[in-house]
Each structure stands twice: as C-alpha cells, then as structure tokens.
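The values are calculated or read from the model by the stated rules, or taken from the named source; none is laboratory data. Computed from a predicted model, the values in this text were never measured in an experiment. When we count neighbours, we look across all protein chains shown, and the Cβ atoms used for this are built from the backbone with ideal geometry, even at glycine. Quick note on the areas: whole protein, heavy atoms, side chains included, nothing else; ligands and nucleic acids left out. Shrake-Rupley method; radii C 1.70, N 1.55, O 1.52, S 1.80 Å.
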Amino acid sequence: NAGVMQNPRHLVRRRGQEARLRCSPMKGHSHVYWYRQLPEEGLKFMVYLQKENIIDESGMPKERFSAEFPKEGPSILRIQQVVRGDSAAYFCASSYGEGAYEQYFGPGTRLTVT
Amino acid sequence: GENVEQHPSTLSVQEGDSAVIKCTYSDSASNYFPWYKQELGKGPQLIIDIRSNVGEKKDQRIAVTLNKTAKHFSLHITETQPEDSAVYFCAATPSSSASKIIFGSGTRLSIRP
C-alpha cells in the first residue's frame, strides 16, 4: 500500500523561474494538505484541498503561490517567479476524510532557489 | 489563532533512559493532538495521537498525556534506543479549522550510547 508520493524530491530553480511540485495522496485518500518547512523550523500549513476544490488556503502567500487538485492526477503546488526566500522543504499530506485526523506525510520536495 | 509551544528544543538522554517532551496550546477548543517524528531528509511520521476525550494513550514505549484544563500535553519515550534519535513535533488542530494542523517548533532528541 503505497504512501504519499511527492516529486521531484529535489528541485533547483533560478530566481524568476516557476516551480511545480506534485503530490499523489495515499490510496483511498481524497484530502490533500500542503505544508512548508524552513530550515530548523516546524511545518507551517499552506492549503487544504479536496478534488477540484480549495477548502482552506489561509496559509498561502497572497501572490505567486497557487494549488490545485484536479479530478484526475496529482495535486500541484505552483510557485511563480521564485525568490530566494521560497527555498524550503514542501510537504504534502493526505487524509481519508474531513478533519485533520491522521494526516500522513510524503517525503517532501526540497526547493532551492539560486 | 492557535499557537503551540514546545520544550525543550534539544534533548540528550542516555540510551535506556526516558525522554519527555512538553507542549502547550492556546485554543481551548482544540480536540486532536498528534505527535510526529522526523528523521533527517524525510517527511514527518505520525507516531501517536490523542483526542480531547482521552487523558492518556500508550503504544509500546511511547505514551502521550493530555491535560485539557492546563492546555498542555506531553510525549514520553521509555527505554530509549539509538533509533529514537530524531526531531519530534507536537501539534494541535484549532477549533476554527478542523483540517489544519498547527505544529510546535520541534525537539531534537539525541540518544547517547
């Protein structure tokens, strides 16, 4: 039973480029969450999605960041015109149902902006 | 909003001894408190959780206690082993959003041989 999958595991982008991070939830899970972790810090909630719906985006920066979870395929976190401050580990989690109960995390994507 | 504070930030214990990590939360309506273990270069792994209608939960060498009146909860690891070395995060779900997890700042646990 495969866990949460994220790719790529490492991503290097120059300032001004776009970054696309992908997340496939655990089998049977229809709720996806994105978190960001800066070096030596805890995880910060960004956005919660269900299929074709953004439920809570209160942690998303107002500009340059967007997320989607289409009917088919993985969830995508998109960062446009990246800046050095976007360098971080981005983690995706999934859960079976509504509510934060038992969120399971993927291995993360480590974004480096040069 | 919800705020979770975690102490200590680093903890070193002798192998075989016990380790205790403590957390406090601010939202008295929070009702779910998971603990995650994160090893270097990996994603957080859910190791134990507790809901607000329970005061204590145990799973082998790991136990969590919750004091709703004082708004604090703790992780206890007994008979520590080298593989317990990792960063541990406590977390809580605020009443304003049942789907958002608010994490503490983490405790780096080192087990001395």
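Entry for the range A:59-114 at q = 0.24 Å⁻¹: log10 I(q)/I(0) = -1.16, Debye formula applied to identical alpha-carbon scatterers, no solvent contribution. Calculated FRET efficiency, A:Gln80 to B:Leu40, Cβ-Cβ distance, R0 = 25 Å: about 0.25 to the nearest 0.05. On the principal axes of its alpha-carbon atoms, chain A has extents of 37, 26, 25 Å, going from largest to smallest.
The distance separating the Cα centre of the range B:1-44 from that of the range B:62-113 comes to 3 Å. For the range B:52-91, the convex hull spanned by the alpha carbon atoms encloses 75 Å³ per residue.
Inter-chain neighbour count for B:65-78: the average number of beta-carbon atoms from partner chains within 10 Å of each residue's beta-carbon is 0.
If Rh is defined by the Kirkwood formula over all Cα pairs and Rg also comes from Cα, what ratio Rg/Rh do you get for the protein assembly as shown? Intermediate results must be reported in sequence, preceding the final value.
Numbers: Rg = 17.6 Å, Rh = 18.1 Å.
A ratio of 0.97.
For the range B:1-46, a reduction of at least 30 Å² in accessible area between the chain on its own and the assembled protein chains (probe 1.4 Å) is found at B:Tyr32, B:Tyr36, B:Gln38, B:Gly41, B:Gly43, B:Pro44, B:Leu46. Note that chain A presents 52 Å² accessible area per residue, ligands and nucleic acids not counted, probe 1.4 Å. A compact globular protein would have a Cα radius of gyration near 2.2 N^0.38 Å; the ratio found for chain B is 1.02.
With a 1.4 angstrom probe, the accessible area lost at the A-B interface totals about 1700 Å². Distant-in-sequence amide contacts of A:Val47, defined by a placed amide H-H separation under 5 Å and a gap of 5 or more residues or a different chain, comprise A:Trp34. Accessible area per residue for chain B is 47 Å², calculated with a 1.4 Å probe on protein heavy atoms, without ligands, DNA or RNA.
Residue by residue, the range A:64-70 carries 3J(HN,Hα) couplings of 6, 9, 8, 9, 8, 9, x Hz when phi is fed to the Karplus relation 6.51 cos²θ - 1.76 cosθ + 1.60 (θ = phi - 60°); x denotes Gly or Pro. Could you look at the range B:9-113 and say what percent of its accessible area is carbon and sulfur, using a 1.4 Å probe and all protein chains? With neighbouring chains kept in place, the figure for the range B:9-113 is 47 percent. Cα centroids of the range A:42-114 and the range A:1-39: 7 Å apart.
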